[in-house]
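Some notes on the structure that comes next.
Every number in this text was worked out from the coordinates using simple rules, so none of it is lab data. It should be emphasised that the depicted structure is a prediction, and the values quoted were computed from it without experimental measurement. Cβ atoms come from the backbone with ideal geometry, glycine included; neighbour counts cover every protein chain shown.
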């Protein structure tokens with residue numbers, strides 16, 4: 001157990017050290033890192049292992065076991081298409097296909113320009129307004145196959161505008 | 001209404017997840033700012049953000065008290081009219097009232113709707129009525145009174161009361177809650193833990209989310225009563241990290257309870273301390289299994305362990321632990337507060353109380369509904385839910401999430417309780433009711449669940465890890481038009497092995513979606529395997545859409561909605577679908593009001 005985390009920049013170090021150096025807080029630390037960096041950088045995992053005093057393999061196994069974590073960076077707009085049962089029978093597979101065709105990325109991938117990432121999630125818990133899609137924090141309810149491409153276009157425009 | 005004219009109006013804006021997605025936060029802000037600009041607003045109206053009212057279909061919902069008016073689908077631009085007409089003028093904005101689809105009449109209060117009238121709210125009693133961020137609101141509705149009553153009772157009396165109520169765990173298994181508590185109480189070890197399982201992972205169920213978001217104090221009070229009975233000093237709420245609002249509202253509620261000396265050291269000046277810590281889950285379905293959840297809290301990978309001991313004997317860090325689901329905890333204050341006798345009068349012989357169901361899928365009124373155990377599927381789907389969308393035919397309802405099964409139309413009069421669902425080859429699970437119509441392919445539904453479970457199996461037991469994967473391969477093959485004679489028998493054989501040889505509930509119940517669909521929809525499987533045909537028009541390799549010239553009116557709706565632009569036809573003339581361009585998304589068949597789109601066998605197979 002080290003007092004100071006060496007393998008991490010300041011920001012990540014602060015997140016890690018906000019918790020006591022105990023095994024049971026690893027999950028919480030990783031969630032905070034993921035929120036801050038959009039993914040889990042290797043240096044953060046190394047830093048956690050060092051701080052808590054467990055082997056790196058142990059932190060890595062936690063990071064890959066839980067679905068919430070990504071070991072690669074996400075795009076600026078992270079599209080989460082809900083594929084829970086209610087969304088599924090109301091057409092989410094078609095939505096996923098359409099995004100895939102339009103952006104050229106499958107679930108778990110990011111576009112080369114790092115603007116969009118696509119994920120499918122098991123259930124967002126908003127089944128009454130299915131099919132649901134989230135782009136970053138914004139929930140899009142009752143998405144139809146004719147509306148989806150317009151929604152994507154809207155974000156593309158926003159991205160172009162910012163650049 | 002005249003005598004209510006001088007009362008302060010309460011504007012209650014639903015801020016559950018469903019309504020928020022439809023823009024209720026903006027509506028709330030519009031009410032707050034526009035009312036603030038009124039002179040002497042305190043005497044006129046106050047605004048409140050409530051939890052989920054359950055009727056997400058019609059959100060954003062705005063309720064106005066004491067007039068008891070419910071406005072549906074409210075937009076920011078409607079706010080000035082509501083303030084002028086209802087809050088200042090004491091009138092009603094007719095166009096924002098719900099219009100009954102059958103009688104065509106406008107309905108003033110949600111209390112008059114079948115959707116609410118047939119429900120009985122116990123676990124959801126406060127949701128939609130209080131501001132979840134206000135402990136005072138909770139207390140005004142008898143909040144923490146049950147805890148105060150429990151202080152006067154002995155540990156044995158409290159546990160007996162829960163046993164006598166007949167309450168069974170609402171998370172899935174349906175194990176009697178009181179017996180868990182009793183077992184924990186009997187342990188010699190005095191260090192004990194209380195856990196709330198809020199790792200709601202069943203796709204299609206969101207009642208726990210709604211309770212944690214809309215009434216967090218009821219969960220805390222339930223845990224507090226249990227902690228006092230068992231002398232536990234530490235509790236954990238394990239909640240999905242994706243449930244942002246639930247995490248926020250629970251955090252706030254824990255802090256407020258601490259400030260009111262309802263949590264922390266020396267609660268209300270007594271020799272009793274209880275602390276609650278929030279643990280955010282990492283999005284692994286298997287962590288809903290209690291032993292996997294315990295492993296996860298301890299900081300390990302969330303893999304289940306074999307139950308040589310129950311958690312009530314050796315649980316978290318090896319100490320006796322009571323672990324109950326969110327909805328179960330929400331029932332505890334009611335049982336202690338009003339007595340086990342009252343509670344036990346609701347429900348059936350072996351399933352007491354109410355159950356919250358998330359009524360979703362191809363039903364008109366989607367949302368959360370709470371009904372007494374023993375209510376029939378028909379009552380829930382057709383009376384509360386208003387029937388099937390687009391006037392289609394009911395085909396099946398899926399209950400119990402990935403561990404459950406599909407129940408066909410023949411069993412619509414089934415009285416829902418733990419035992420009847422088990423007999424029908426399904427289970428209560430956490431209470432998802434996913435309604436399916438003719439446009440749902442049962443083979444594809446089975447494939448869907450197996451795909452889900454293949455991703456969520458933790459991999460510890462070979463039969464679960466490999467068996468599910470193999471069943472998924474077979475089902476995928478069938479859906480793609482490569483089914484073989486003998487596939488059904490092979491599926492059944494694999495299912496038996498997975499059921500018998502897996503350690504935890506995930507594996508033991510994983511074959512249920514396959515077995516129940518084979519049991520009730522064998523003909524549909526055979527259609528796929530032998531005739532290379534998907535009657536629902538979902539499996540794309542097996543489907544071709546065409547337009548019936550007899551029925552097509554040339555309205556152009558399908559053409560407008562076709563994302564592939566492959567429907568052609570002039571207005572008021574028969575339209576046609578170009579099979580080359582068709583992506584088989586089914587948007588034409590789902591939007592056609594005249595039933596003119598036909599599902600046919602794909603040619604050339």
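Below are the figures for this structure:
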item: Per-residue mean of C-beta atoms belonging to partner chains within 10 Å, peptide B:200-207; result: 6
item: Relative contact order (percent, whole number), region B:442-530, Cα cutoff 8 Å, 6+ residue spacing; result: 37
item: Cα-based helix-to-principal-axis angle, A:56-65 vs chain A, degrees rounded to 10; result: 20
item: DSSP beta bridges in the protein assembly as shown [antiparallel fraction, %, rounded to 5]; result: 55
item: Estimated distance in nm for a label pair at residue B:148 and residue B:583, the labels positioned 7 Å out from Cα along Cα-to-Cβ; result: 6.0
item: Centroid-to-centroid separation of region B:396-423 and region B:542-589 [C-alpha atoms, Å]; result: 36
item: Nearest-0.05 FRET efficiency for residue B:255 and residue B:155, computed from C-beta distance (R0 35 Å); result: 0.80
item: Gap separating the Cα centres of region A:126-149 and region B:366-393, nearest whole Å; result: 24
item: Three-way shape call for the protein assembly as shown based on the alpha-carbon gyration tensor, with the a/c threshold at 1.5; result: rounded
item: Peptide ranges B:480-486, B:444-450, B:125-131 listed from the most packed, as the mean C-beta count within 10 angstrom indicates; result: B:444-450, B:125-131, B:480-486
item: Ordering of A:19-29, A:120-130 by burial proxy (mean other Cβ atoms within 10 Å per residue, highest first); result: A:120-130, A:19-29
item: Chain A, relative contact order [Cα under 8 Å, separation at least 6], %; result: 19
item: Per-residue Cβ neighbour rank within 10 angstrom, fewest leading, B:85, A:153, A:80; result: A:153, B:85, A:80
item: Anisotropy class of chain A from Cα gyration tensor, a/c 1.5 cut; result: prolate
item: Test item: A:139-145 mean partner chain Cβ contacts at 10 Å; result: 5
item: Tilt relative to chain A, helix A:42-52 - C-alpha long axis, 0 to 90 degrees, to 10; result: 40
item: Alpha-carbon centroids, region B:156-233 and region B:30-82: separation in whole Å; result: 35
item: Square roots of 5 times each gyration tensor eigenvalue, C-alpha, region B:540-601, largest first, Å; result: 17, 12, 10
item: Relative contact order for chain B, counting Cα pairs under 8 Å that sit 6 or more residues apart, in percent; result: 11
item: Point-to-point label distance, residue B:484-residue B:496, nm (Cα→Cβ direction, 7 Å offset); result: 2.0
item: log10 of Debye I(q)/I(0), alpha-carbon scatterers only, for region B:442-530 at 0.11, 0.17, 0.22 Å⁻¹; result: -0.25, -0.60, -0.98
item: Extension gain from residue B:553 to residue B:104, taking 0.36 nm per residue of separation minus the Cα-Cα distance; result: 159.1 nm
item: Beta bridge orientation in region B:135-343: antiparallel %, DSSP, nearest 5; result: 10
item: Extension gain (nm, one decimal) between residue B:189 and residue B:462, 0.36 nm per residue minus Cα-Cα; result: 94.7 nm
item: Gyration tensor (alpha-carbon) shape descriptor, region B:322-417, a/c threshold 1.5; result: prolate
item: Spin-label pair residue B:248/residue B:43, simplified geometry with 7 Å Cα→Cβ offset, distance in nm; result: 3.5
item: Test item: A:61-70 mean partner chain Cβ contacts at 10 Å; result: 5
